[in-house]
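A.B. asks: This is the structure, below, for whatever I ask next.
The values are calculated or read from the model by the stated rules, or taken from the named source; none is laboratory data. The model shown is predicted, which means the values in this text are computed figures rather than measured ones. Cβ coordinates were reconstructed from backbone atoms using ideal geometry, including for glycine residues, and neighbour counts include every protein chain displayed.
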């Protein structure tokens, strides 16, 4: 297990290097000039050229990249060209709402998708099975932004049950924090609930007719115990492979959800920085999100290898 862990950790280095190149090139290939945006449309060409020189925008892209990469290696993601604040400070100042939103969404996913999958499997031979299957497909198919708009109009405007904008820090009170995040967290989780419940259902149905479950039934084990101790326990192993995709979906979804619900998180910071062509902040935020995804993927790989030793022995 130690050797497998070391190999997996070392594989993160080239992945992050390639990600940093892609992030840098995508940001710098987007149209727009930060100098023009900072100085305004009425700025003289001389002033724009001088600011471009100060920001290092006249250097070749590879020189700009390696200068930025040297800063990243030391933990310095640069400085915002607009607010003059360190990018690292901006990220961590805005990470709290995003983290809260993701944690609450993960709770929704676990609390709803796992019981739903178990219920579907237990009712697999009844008329309710296709109904639950259709519901999970609907959850996967619903666009997050469309559902968010519907819920905002329905539960925030027509029937004002939930707030439709803003964020309340946990320090201001757990009730207020939860009240402001319930609606956006549910919207963020709905697609992943459909994915996880279907994945777990398929894995459990695959385990239902395996020899070990037939043996358990032959020994007189109750159907409920067969489902929970044999079918569900074994179905969790392949389901862990979608955890990294779930985190990626949540991270990507926060950009849309935070914008729609006016939550001052990482997603909102990224959108604002894109509008202003604030290259250092865009690069820093995207690299930070990519690093979280890579690290979560690494932890899922290690967890999967721990749960199923065949994975590490095969390598």
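A.B. asks: Take residue 271 and decide whether it is touching a residue at least 60 places away in the same chain (Cβ under 8 Å) and over 15 Å from the mean Cα position of the chain (by Cα).
C.D. replies: no
A.B. asks: Also: If we keep just the residues of region 1-16 that are modelled with pLDDT under 70 and either in contact with a helix residue (DSSP H, G or I) (Cβ under 6 Å, 6 or more places away or on another chain) or outside any helix (DSSP H, G or I) (or both), which is farthest from residue 289 (Cα to Cα)?
C.D. replies: Pass one, region 1-16, residues modelled with pLDDT under 70: 1-2, 4.
Those still in the list that are either in contact with a helix residue (DSSP H, G or I) (Cβ under 6 Å, 6 or more places away or on another chain) or outside any helix (DSSP H, G or I) (or both) too: 1, 4.
Working: 1: 28, 4: 25 Å.
Among those residues, the one meeting the criterion is 1.
A.B. asks: Any residue that is farther than 20 Å from residue 117 by Cβ and either within 20 Å of the chain's Cα centre (by Cα) or crowded, with 16+ Cβ neighbours inside 10 Å (or both) - is there at least one of those in region 223-237?
C.D. replies: The answer is no, given that none of the residues of region 223-237 is farther than 20 Å from residue 117 by Cβ and either within 20 Å of the chain's Cα centre (by Cα) or crowded, with 16+ Cβ neighbours inside 10 Å (or both).
A.B. asks: In region 82-97, which residues are touching a helix residue (DSSP H, G or I) at 6+ places or on another chain (Cβ under 9 Å), part of a helix (DSSP H, G or I) and closer than 30 Å to residue 56 by Cα?
C.D. replies: Across region 82-97, the qualifying residues are 87, 88, 90, 91, 93, 94, 95.
A.B. asks: When you look at residue 100, is it touching a helix residue (DSSP H, G or I) at 6+ places or on another chain (Cβ under 9 Å) and modelled with pLDDT under 90, yes or no?
C.D. replies: no
A.B. asks: Could you please let me know if residue 143 is out of contact with any helix residue (DSSP H, G or I) (no Cβ under 8 Å at 6 or more places or on another chain), closer than 30 Å to residue 95 by Cβ and surrounded by fewer than 14 Cβ atoms within 10 Å (Cβ to Cβ)? Step through it out loud before you land on a result.
C.D. replies: On the way: out of contact with any helix residue (DSSP H, G or I) (no Cβ under 8 Å at 6 or more places or on another chain): yes; closer than 30 Å to residue 95 by Cβ: yes; surrounded by fewer than 14 Cβ atoms within 10 Å (Cβ to Cβ): yes.
Judged against the criteria, residue 143 is a match.
A.B. asks: Quick one: in region 60-81, which of the residues that are loosely packed, with under 14 Cβ neighbours inside 10 Å and part of a loop (DSSP other than H, G, I, E, B) is nearest to the chain's Cα centre (by Cα)?
C.D. replies: 75
A.B. asks: Also, quick follow-up: Identify all residues within region 118-134 that are part of a helix (DSSP H, G or I) and either modelled with pLDDT of 75 or more or more than 17 Å from residue 190 (Cα to Cα) (or both); write none if there are none.
C.D. replies: Selection gives 118, 119, 120, 121, 122, 128, 129, 130, 131, 132, 134.
A.B. asks: Which count do you get for residues in region 17-38 that are at pLDDT 70 or above and surrounded by fewer than 16 Cβ atoms within 10 Å (Cβ to Cβ)?
C.D. replies: 9
A.B. asks: Could you tell me whether residue 48 is surrounded by 13 or more Cβ atoms within 10 Å (Cβ to Cβ), within 21 Å of the chain's Cα centre (by Cα), at pLDDT below 85 and part of a helix (DSSP H, G or I)?
C.D. replies: no
A.B. asks: State yes or no: is residue 176 surrounded by 12 or more Cβ atoms within 10 Å (Cβ to Cβ) and without any contact (Cβ under 8 Å) to a residue 12 or more places away in the chain?
C.D. replies: Answer is yes for this residue.
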